[in-house]
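A.B. asks: What follows is a structure written as structure tokens; I'll ask about it next.
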Amino acid sequence: MGFKLLFFFALLLIVEVYAYQAFKTLLRGKWMLIGYVIISILLFIYIAYSLMSFDRSVGQTKQTMFTMGLMLLVFVPKIILALVLFGEDMYRLISGMFRAAVGDSSEEFLTARRTFVSQIGLGLAAIPFFSLIYGMTIGKYNFKVIRQTIHFPDLPEEFDGFRITQISDVHSGSFDDPEKISYAIDLINEQNSDMILFTGDIVNTHAKEMHPWLETFKRIHKPAYGKYSVLGNHDYGEYVDWKTQKEKDDNFEAIKSLYGEIDFELLLNENRFIEKNGQRIALIGVENWGHNFKKVGDINKASKGVAQEDFKIVMSHDPSHWDYELKRDPKNYHLTLAGHTHGMQFGIEIPGYFKWSLAQYIYPQWAGLYETLGCYVYVNRGFGFHAYPGRVGIMPEITVIELKKGEKVS
């Protein structure tokens with residue numbers, strides 16, 4: 001067992017000790033406390049065994065996702081509880097040191113734990129506990145249609161009001177509810193957009209994950225100006241150990257074919273001109289380019305034949321590509337559509353007022369619309385889910401973007 005894993009389990013053990021102290025304060029019955037201890041030990045053993053037996057030749061499975069969900073459900077609330085009790089311990093320690101310094105011996109150096117502090121800790125811990133349950137049962141399929149209007153002074157007049165539906169990060173290997181996925185496909189079709197764009201990650205790793213869902217995704221209507229896609233980082237099969245390079249290559253070819261099987265035209269560092277009544281815009285599809293992930297995207301190759309004055313829409317899975325390369329490119333890439341972050345599948349959003357997720361500490365552009373010097377990127381929050389089998393606060397997204405000619409009206 002590696003040092004990091006041992007350190008991780010040691011931290012969890014400390015958290016368990018604190019949680020036990022809180023429950024001991026509140027549980028009056030001996031057998032209730034024994035029951036809590038037995039359940040905690042069994043859960044700890046199951047989670048530890050599952051983590052240590054993870055098979056990198058297989059990758060993520062329904063069982064590993066269940067384990068991740070269970071681990072978060074068990075330990076995130078207990079971490080909150082441990083932090084509250086640790087804060088009380090610091091108060092008890094400082095108070096004891098102060099009393100010792102002034103010669104006050106009326107109380108023991110460390111006073112007894114206070115029941116109300118444990119109650120406060122348990123109350124705070126209940127918030128993530130029930131939120132995570134919601135995320136794994138309802139949130140992961142709570143699809144939201146998010147509409148965004150973006151103004152461009154140099155948009156060709158014929159494309160004023162042009163509507164694009166974007167989906168991203170399907171991660172079909174995680175799905176377990178055909179009825180909910182079918183409902184989401186109906187939502188996509190109901191938007192009646194002019195074009196549909198899919199910005200990568202059709203699977204977690206293996207092409208076969210998508211096979212049960214092909215007929216469902218084939219139901220996505222082909223609008224007047226087509227359905228296009230690019231690859232995401234998971235589509236390259238990078239996150240498992242393959243027996244041979246040929247096996248990996250065959251899987252990659254099969255994944256690329258999946259996009260065609262659901263009638264999306266896959267753009268591999270190439271472009272297409274979308275024409276409407278004698279005017280045109282350029283659609284540029286870049287392979288994955290991530291600051292911390294696989295870099296096979298080539299914007300120069302993908303833009304071959306596209307002129308400086310052409311209006312350009314780029315599909316690039318990872319928003320860090322926009323942040324590091326595209327937003328200040330002199331070729332002026334007007335709009336980039338990305339995904340990848342999932343908004344960490346956990347956060348708080350109050351539309352128009354407040355948006356927070358741990359994702360923002362990794363990606364400056366992590367959900368929604370961002371702009372630099374008239375160059376925009378829209379980051380889709382993802383259609384599916386990965387690792388944690390749920391979504392809390394950051395819901396699965398179907399984006400509808402309307403292009404408007406002119407300046408934005410304040």
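All of the numbers you see were taken from the coordinates with simple rules; none came from a lab. Note that this is a predicted model, so its numbers are computed, not measured. Don't worry about glycine lacking a Cβ; one is built from the backbone with ideal geometry, like all the others, and counts go over all protein chains shown.
A.B. asks: Sorted from fewest to most neighbouring beta carbons within 10 Å, what does the list 362, 164 look like?
C.D. replies: Ranked by crowding around the Cβ, least crowded first: 362, 164.
A.B. asks: Continuing with the same structure: For segment 3-137, what is the charge dipole size about the Cα centre, in debye to the nearest 20, if Lys and Arg each add +1 at the Cβ and Asp and Glu each add -1 at the Cβ?
C.D. replies: 280
A.B. asks: Counting other C-beta atoms within 10 Å, which of 46, 370, 361 has the fewest, and how do the rest follow?
C.D. replies: In increasing order of surrounding Cβ atoms, one gets 361, 46, 370.
A.B. asks: To make sure I understand, if each residue's beta carbon is the centre and we count other beta carbons within 10 Å, what order do 113, 328 fall in, fewest to most?
C.D. replies: 328, 113
A.B. asks: Using modelled amide H (1.01 Å from N, peptide plane; none on Pro or chain starts), what sits under 5 Å from the amide H of residue 291, excluding residues fewer than 5 places away?
C.D. replies: Answer set, sorted by chain and number: 320, 321.
A.B. asks: How large is Rg/Rh for the chain, to two decimals, with Cα atoms and a Kirkwood Rh?
C.D. replies: Here the Rg-to-Rh quotient is 1.07.
A.B. asks: Another one. Around residue 265, which amide H atoms from residues at least 5 apart in sequence, or from another chain, sit under 5 Å from its own amide H, with H modelled in the peptide plane?
C.D. replies: Correct list: 227, 228, 229.
A.B. asks: When the chain is treated as a GNM, springs tying every alpha-carbon pair under 10 Å, which of 348, 45, 196 comes out with the largest mean-square fluctuation?
C.D. replies: Largest GNM mean-square fluctuation: 45.
A.B. asks: Projected onto the charge dipole of the chain (+1 at Lys/Arg Cβ, -1 at Asp/Glu Cβ, origin at the Cα centre), which of 173, 8, 96 gives the Cα projection farthest towards the positive end?
C.D. replies: Comparing the listed Cα positions along the dipole, 96 ranks first.
A.B. asks: Follow-up question, since we're still on this one. Magnitude of the Cβ-charge dipole of the chain, K/R +1 and D/E -1, about the Cα centre, nearest 20 debye?
C.D. replies: 1020
A.B. asks: Treating the angle as unsigned and between 0 and 90°, give the value, to the nearest 10°, between the Cα long axis of helix 178-190 and the longest Cα principal axis of the chain.
C.D. replies: The helix 178-190 is inclined about 40 degrees to the chain.
A.B. asks: Return an integer: the convex hull volume of the alpha-carbon atoms of segment 3-137, in Å³ per residue.
C.D. replies: Here the figure is 126 Å³ per residue.
A.B. asks: For the chain, find the longest principal axis of its Cα atoms and tell me its angle to the long axis of helix 245-261, 0 to 90°, nearest 10.
C.D. replies: Compared with the principal axis, the helix lies near 60 degrees.
A.B. asks: Among the listed pairs 78/140; 331/405; 62/248; 222/294; 304/327; 140/294, give every one whose C-alpha distance is greater than 25 Å.
C.D. replies: Beyond 25 Å between Cα atoms: 222/294; 140/294.
A.B. asks: As a check on your grasp of the helix formula, calculate [θ] at 222 nm for the chain: sum -39500 (n - 2.57) over DSSP H runs of n ≥ 4, divide by the residue count, round to the nearest 500.
C.D. replies: Calculated at 222 nm, the ellipticity per residue is -12500 deg cm²/dmol.
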